[in-house]
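To keep things clear, I will list the structure first and then write my remarks on it.
The values are calculated or read from the model by the stated rules, or taken from the named source; none is laboratory data. Values in this document were obtained by computation on a predicted structure and should not be read as measured data. Backbone-built Cβ (ideal geometry, glycine too); neighbour counts: all protein chains shown. Protein only, heavy atoms only, side chains kept; ligands, DNA and RNA dropped before computing areas. Shrake-Rupley method; radii C 1.70, N 1.55, O 1.52, S 1.80 Å.
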Amino acid sequence: MKPAVILYKKLPDDLYARLAEQCDVTEISNLSPENQQQHAEAFRQAEGLLGSGGKVNGDLLAKMPNLRVCSSVSVGYDNFDVEALNQRNVVLMHTPTVLTETVADTMMALVLSTARRVPELDAWVKAGHWQKSIGPAQFGIDVHHKTLGILGMGRIGMALAQRAHFGFGMNILYNARREHDEAQTRFGARRCDLETLLKESDFVCISLPLTRETHHLIGAAELALMKPDAVLINAGRGPVVDEQALIAALQAGKLHAAGLDVFEQEPVSADSPLLSLPNVVTLPHIGSATHETRYGMMQDAVENLIAALGGSVDKNCVNPQALK
Ligand SMILES: NC(=O)c1ccc[n+]([C@@H]2O[C@H](COP(=O)([O-])OP(=O)(O)OC[C@H]3O[C@@H](n4cnc5c(N)ncnc54)[C@H](O)[C@@H]3O)[C@@H](O)[C@H]2O)c1
Ligand SMILES: O=C(O)[C@H](O)CO
């Protein structure tokens, strides 16, 4: 008999067919309480759960007594209560690697667009304000040969360092719990404490996961250490930065600009002051959102689920120790 799974994300037809060939699929739009209630029996039967968005915690697990594998269409897994999964011996699979280069591209896009004010000046031209030669009011700041500090020197941090160092001749700083030999050898990257990184970087770039340690890692005190002409980029998770403190720093002119792909609340509220600051570039959490990469993530998530239900967790598993 095929294992029962709940699918809470729309898949392309070919990937749905691949999943349905191996599993008995119940498809729902999301993990809302209404869907959990309406499909209570399917939740009770399910051995697998595949999708992204929505909390997977002890409450949900209590409704899924047969669950063995969760497969997330994301690398970040802060939506999952891993301790609760471990207690129940539920394996969590995710999609690292396939999205790394695309997210690094997005971060570089934020670096360039904040420094050179691309969205702001695009709107200015389209609004008909370009009536004579531009002057200092339209100038930006250089990116090349500046210092880029990375918080979260993992897969995405390394791919960003590669672009910044080889593409733009930038000096790379990083803050990490351990020395990263490859970062030192390939990019001449220097490990430093958080304070030094914030004081010396022209661009502070966050590609950290959201954990108890990283929640509000960057608050008012940390922002105050940054140079007034520095830029903050966040493509990790919104709550790594205290958003109220960031708004206050930007409003007080203590930072040059910010580039944000992630927010404390998503979608960001339409009345957030961040949306009316001209020096803030906002994106709707599109770090990995290209056609090719999103397809690759969904493909990996399907294969991860099938492999883990079959007892194989050699690749892309957050908690292999949970496998009984
Ligand atoms: N904006 C997006 O669309 C998007 C897309 C993909 C990933 N992300 C985010 O980026 C994160 C990183 O992805 P990755 O594939 O590079 O993961 P990774 O595990 O390879 O890298 C994360 C790095 O952060 C480091 N780290 C963790 N806690 C730290 C701390 N307290 N201090 C210093 N360093 C710490 C880890 O040691 C690791 O090197 C994901 O967890 C996710 O939250 C966002
Ligand atoms: O963690 C990830 O993979 C991205 O944020 C997409 O959700």
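Points to keep in mind about this one:
- Within the set L283, L274, L260, the sole residue that is under 18 Å from V231 (Cα atoms), over 14 Å from the mean Cα position of the chain (by Cα) and surrounded by 12 or more Cβ atoms within 10 Å (Cβ to Cβ) turns out to be L274.
- Test: residue in segment 103-123 that is within 23 Å of A258 (Cβ to Cβ), in the same structural domain as S52 (by the TED database) and either among the acidic types (D, E) or crowded, with 16+ Cβ neighbours inside 10 Å (or both): no
- Number of the condition not met by L92 [criteria: (1) out of contact with any Phe, Trp or Tyr (no Cβ under 6 Å at 6 or more places or on another chain); (2) not in a loop (DSSP other than H, G, I, E, B)]: (1)
- Failed criterion for S288 (all others in (1) out of contact with any strand residue (DSSP E or B) (no Cβ under 6 Å at 6 or more places or on another chain); (2) within 16 Å of ligand 2 (Cβ to nearest atom); (3) without any contact (Cβ under 8 Å) to a residue 24 or more places away in the chain hold): (3)
- Residue that is farthest from the chain's Cα centre (by Cα) [pool: residues in segment 76-87 that are free of Cβ contacts under 8 Å to residues at least 40 places away in the same chain and part of a loop (DSSP other than H, G, I, E, B)]: D81
- Scanning segment 219-254 for residues being in contact (Cβ under 8 Å) with a residue 60 or more places away in the chain, open to solvent by less than 10 Å² (accessible area, probe 1.4 Å) and over 15 Å from the mean Cα position of the chain (by Cα) gives a total of 1.
- Residue list for segment 161-218, restricted to those being of a type in the set (S, T, N, Q), buried (at least 17 other Cβ atoms within 10 Å of the Cβ) and within 16 Å of ligand 2 (Cβ to nearest atom): S207, T214
- Strands (runs of 3 or more DSSP E) within segment 1-54 that include 1 or more residues in contact (Cβ under 8 Å) with a residue 60 or more places away in the chain and under 13 Å from L309 (Cα atoms): 4-8, 48-51
- Looking only at segment 145-160, and only at residues there that are away from ligand 2 (no atom under 16 Å from the Cβ) and assigned to a loop (DSSP other than H, G, I, E, B), the one that is most open to solvent (accessible area, probe 1.4 Å): H145
- Residue among E266, E303, E292 that alone is open to solvent by 10 Å² or more (accessible area, probe 1.4 Å) and in contact with a His (Cβ under 9 Å, 6 or more places away or on another chain): E266
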